[in-house]
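The values are calculated or read from the model by the stated rules, or taken from the named source; none is laboratory data. Since we're looking at a predicted model, the values are computed, not measured. Here the Cβ positions follow ideal geometry from the backbone for every residue, glycine too, while neighbour counts run over all protein chains shown.
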Amino acid sequence: MTMLLQTIDLKTRFHIPEGTVYAVNGVSFHISEGETLAVVGESGCGKSVTMMSILRLLPAPPAEIVSGQALWGNRDLLRLSENEMEQIRGREIAMVFQDPMTSLNPVLTIGRQLTESLRVHLGMGPAEAAQRAVELLEQVGIPDAAHRLGDYPHQYSGGMRQRVMIAMALCCHPSLLIADEPTTALDVTIQAQIVELIKKLRDQLHMAIIWISHDLGVVAGLANRVMVMYAGFVVEEALVDDLYEDPRHPYTLALLAALPRVDRRRDRRLKSIPGAPPNLLVEPRGCPFAPRCEFAMERCRFEIPPLQPVQGTHAVACWVDVTTGGPR
Amino acid sequence: MGRYIIKRLLQGIPLLFFISIILFVLMMNMGDPVATMGGRRVTRASDYERLRRQLGLDKPIYTQYLYWLIGNDWTKTDVDGDGVAETPGTRRGVLRGDFGVSLVSRKPVLQVIGERLPNTLILMLASEFVIIVGSLLVGVYSALRQYSALDHIITALSFIGYSMPIFFIALLSMYIFGVLFKRWGLPYLPTVGMFDPQAGKTTAQVLWHMVLPVLSISIISFAAYSRYIRSTMLEVLGQDYIRTARAKGLPRREVVYVHALKNASLPIVTVVGLDLPLLLGGAVVTERIFAWPGMGRLFLDHVSRSDLPVVMGILMMIATAVVVFQILTDIVYAWLDPRIRYEK
C-alpha cells in the first residue's frame, strides 16, 4: 500500500493568557491509501488539534505549530503557503466535524454550501454543480434531494445535516477523509446510520479515513488500525484486533476495562480511571499517564517513554511491560 | 411576508396618531408664537388677540388638533372677533396632505421643508455612505488582524473619535483644514454654506463645501460602527461554520466576505435601520456650525419661534420614517436570515 500521509514529531501549542497549553507533544503517525485509522482518547487529549494542525485550520495566534512535518506525497503540509493549502483542503483532504448543528452556515442554502467546493476546486458551472449536488445528496440518503437544495440548514434534522456535511466533504473525491467525532452529537440510531453510510462510501470511493472518536465500540467495527492518544501523546498504536485482544499500554487497558460488555456480569460496576487528565499548561516531563497509572515506576515520572514497536506493527509508549508488570 | 408587511403598516397608523397627539400637546405648551411675531418688539395687546384669533390659537387645544389633523374647511370660524363664526375655513388637514402654513414665513409647510430636505439628504446620505463603507473596511480589517499594531492604533483612534463632542470636531476641522491650511498656503477647504456665491451652485462647489460637514458628522458614528463591526466579525469568525468553510478550501476572501460577513451583517443592519430615519432630521449642530441650509437648521430656527405647523411637519416626517424604516429593517433581516420568518 502507498503511504498517503505521514506525520512526524508534530508539536502544537496554544499561547493563552494563563500560559502555554502543550496540546500536541510530538505526534507521529502515518496512513496508507484506502486505510481506516481510528484515533481514540478522552476529550482534550489532542485528537482534533492534531488533525486541525495538519490541515492548518487552527487560528494562529493563539495556536502555534512548534515543530514537525506532515508529508503529503512529497510536500510538507506545514510548510505550504495558505494558497497551496486551499488547493488541498476539501479537494485532497476533507474533514467532517463533530457538531452538524453549528458546522453549517445558517444563512446560506444547503445547495450553495454544497456547490462551493465544486465551483472552487473543480471549476463547475452553476447548473452542473447543482446537478452534482443533487446526486451527492441522494448518495448520502437525503430523500427528495432536488427539492431540498434551496433549503436552509435549520430546515434539516441533525442526522440529515451530518449527511450534508459528509456529502460536502466527499464532493471532490478526496483521498483522505478526516472525520472528527462525526457521530458524537447524534442520537444512537442516527449514529449507527452515519457509521454505515461512511463505511459504504469508503468502499465505493476507496478513500482513506482518519476517524476520531472516544467510542471504542464504534471503532472496533470500522477501523483497520487504532492510535490511542493521551495528553497530546500517542501512547499506543496497533491493528484493531491486536489492540482489543492484547492492549499493551496501561491507559488502553483502563479504557477497555471501562467499556460495558454484553459478555460480562451485569451486576459488576464499570471500572473508571481514577484521577483526571494532566494539566496541559505544564510542560510534560515524564509519562503523562504516570499519576493515574497502577503500574507506574520511578522512571515514569521523569522520562517520557518513546513509542516503540513491541511486535510487528504494534507499538507502545511505556516503560512497563504490562504483561509482566515489570520494566521492559 | 406580504401580509406581515401590511400588518406592520396598519400597526404603524395608531402609533403615529399617538405620537402626533403627544408632540402636539408638547408644542402647544412650549411657547407663544404670537408673542414676538412682528419682529423684535413684544406684540401690542390689541394685535395679540386679533392675531391669535386669525391663527386659530384661541381655540381649545383639542379643536386645534382636530383642525391640524382633518382641516377646518367643513366649518366656519370667527376671525373678526364679533362672536359670530362666519368665515369658512381653508385648511385641509394633515390627513389630506395639508400641513398648514408656517407662522413665521407664511409659506406652506411642505414648501418650507421641501426647500431644505434635499440639502440635508445629500449631506446625510454622503455621511452615511462614508460611515458604512469606511467602518466596514476598518471593522473587518481589524477583526482579521486582531491585536496587530494597526488594530491597536485603530482602537485608540476610535476611542478618541468617539469621545469628542461633534461641535468640537467641527470647529477643530474648520481650524485645521480652513484656517491653518490657508495660512500654510495649502489648498484649504471652505467652512461656510453650500457654495461660493461668486461661483454659483455647481456640483463641484457643493461637493467641495460638503467635505468638512461630512467629516464632522461621520467621525463619531464611524468610530462606533467600526468597533461594533469588529466585535461582531470576531464573534462570527470563531464559529464552527467558518472552520467548515475553510476546511472546504474556499479562498479566504470568500470565507470572510460571504460566510462571515453575511452573518455579521445581521446585528449591523439593526443599528443602521435605527439610525437611517434620523438622518432626515439633519445634523442640528453641524448644519448650524457650517451654515448648511438643511433640516437641522430649519428645525432649530422654527422651534425657537414656536412655529407649530413647521415643527410638527418635521417631527411627523421623522416619526413616519422611523416606522417605515423599522419595517424595512425587518424585511432586510428576513432576507438575510432565513431562520426568521414573519408568518403571523
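Among the residues of region B:243-254, write down those that are surrounded by 21 or more Cβ atoms within 10 Å (Cβ to Cβ) and of a type outside the set (S, T, N, Q).
B:ARG243, B:ALA245, B:ARG246, B:ALA247, B:LYS248, B:GLY249, B:LEU250, listed by residue number.
Suppose we filter region B:140-171 for residues that are surrounded by 13 or more Cβ atoms within 10 Å (Cβ to Cβ), of a type in the set (A, V, I, L, M, F, W, C) and more than 14 Å from chain A (Cβ to nearest Cβ); how many remain?
Residues in region B:140-171 being surrounded by 13 or more Cβ atoms within 10 Å (Cβ to Cβ), of a type in the set (A, V, I, L, M, F, W, C) and more than 14 Å from chain A (Cβ to nearest Cβ): 9 in total.
Applying the selection to region B:253-262, what residues are charged (D, E, K, R) and more than 7 Å from chain A (Cβ to nearest Cβ)?
The answer is B:ARG253, B:GLU254.
Please go through region B:72-104 and pick out each residue that is small (Gly, Ala, Ser) and at pLDDT below 85.
B:GLY81, B:GLY83, B:ALA85, B:GLY89, listed by residue number.
Given the condition of a type in the set (Phe, Trp, Tyr) and over 21 Å from B:HIS209 (Cβ atoms), answer yes or no: does some residue in region B:281-290 qualify?
no
May I ask you to list pairs of residues, at least six apart or on different chains, whose Cβ atoms are under 7 Å apart, with the first in region A:134-147 being in contact (Cβ under 8 Å) with a residue 60 or more places away in the chain and more than 13 Å from A:THR115 (Cβ to Cβ) and the second being crowded, with 20+ Cβ neighbours inside 10 Å and β-branched (Val, Ile, Thr)?
Close Cβ pairs satisfying both conditions: A:VAL140/A:ILE166.
Could you grab me the full set of residues in region A:83-105 that are more than 7 Å from chain B (Cβ to nearest Cβ), of a type outside the set (A, V, I, L, M) and either closer than 14 Å to A:CYS171 by Cβ or without any contact (Cβ under 8 Å) to a residue 60 or more places away in the chain (or both)?
Matches in region A:83-105: A:ASN83, A:GLU84, A:GLU92.
Restricting attention to region A:8-36, and to residues there that are of a type in the set (Gly, Ala, Ser) and assigned to a strand (DSSP E or B), which single residue is surrounded by the most Cβ atoms within 10 Å (Cβ to Cβ)?
Within region A:8-36, the match that is surrounded by the most Cβ atoms within 10 Å (Cβ to Cβ) is A:ALA23.
May I ask you to verify whether A:VAL140 is under 27 Å from A:GLY34 (Cβ atoms) and among the β-branched types (Val, Ile, Thr)?
Numbers: under 27 Å from A:GLY34 (Cβ atoms): yes; among the β-branched types (Val, Ile, Thr): yes.
When the stated conditions are applied, A:VAL140 passes them.
What number of residues in region A:283-305 are of a type outside the set (Asp, Glu), exposed (fewer than 12 other Cβ atoms within 10 Å of the Cβ) and under 20 Å from A:VAL27 (Cβ atoms)? Talk me through it step by step, then tell me what you get.
Kept after step one, since they are of a type outside the set (Asp, Glu), are these residues of region A:283-305: A:284-293, A:295-297, A:299-302, A:304-305.
From the residues that got through so far, the ones that are exposed (fewer than 12 other Cβ atoms within 10 Å of the Cβ) too are A:285, A:302.
Going one step further and asking which of them are under 20 Å from A:VAL27 (Cβ atoms), we end up with A:285.
Residues in region A:283-305 being of a type outside the set (Asp, Glu), exposed (fewer than 12 other Cβ atoms within 10 Å of the Cβ) and under 20 Å from A:VAL27 (Cβ atoms): 1 in total.
May I ask you to list the residues in region B:213-246 that are touching a Phe, Trp or Tyr at 6+ places or on another chain (Cβ under 9 Å), β-branched (Val, Ile, Thr) and within 13 Å of chain A (Cβ to nearest Cβ)?
B:THR244
Regarding region A:147-154, can at least one residue be identified that is under 21 Å from B:ASP240 (Cα atoms), touching a Phe, Trp or Tyr at 6+ places or on another chain (Cβ under 7 Å) and within 13 Å of chain B (Cβ to nearest Cβ)?
no
Here's the yes/no breakdown for (1) modelled with pLDDT of 85 or more; (2) closer than 22 Å to A:ILE304 by Cβ; (3) crowded, with 18+ Cβ neighbours inside 10 Å:
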position	(1), (2), (3)
A:HIS214	no, no, no
A:ALA223	yes, no, yes
A:TYR230	yes, yes, yes
A:PRO260	no, no, no
A:ASP267	no, no, no
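What about B:THR90, is it surrounded by 15 or more Cβ atoms within 10 Å (Cβ to Cβ), among the polar types (S, T, N, Q) and over 24 Å from B:VAL303 (Cβ atoms)?
For B:THR90, the condition - surrounded by 15 or more Cβ atoms within 10 Å (Cβ to Cβ), among the polar types (S, T, N, Q) and over 24 Å from B:VAL303 (Cβ atoms) - is not met.
Mind listing whichever residues of region A:106-127 are within 9 Å of chain B (Cβ to nearest Cβ), more than 28 Å from A:LEU4 (Cβ to Cβ) and of a type in the set (Val, Ile, Thr)?
A:VAL107, A:THR109
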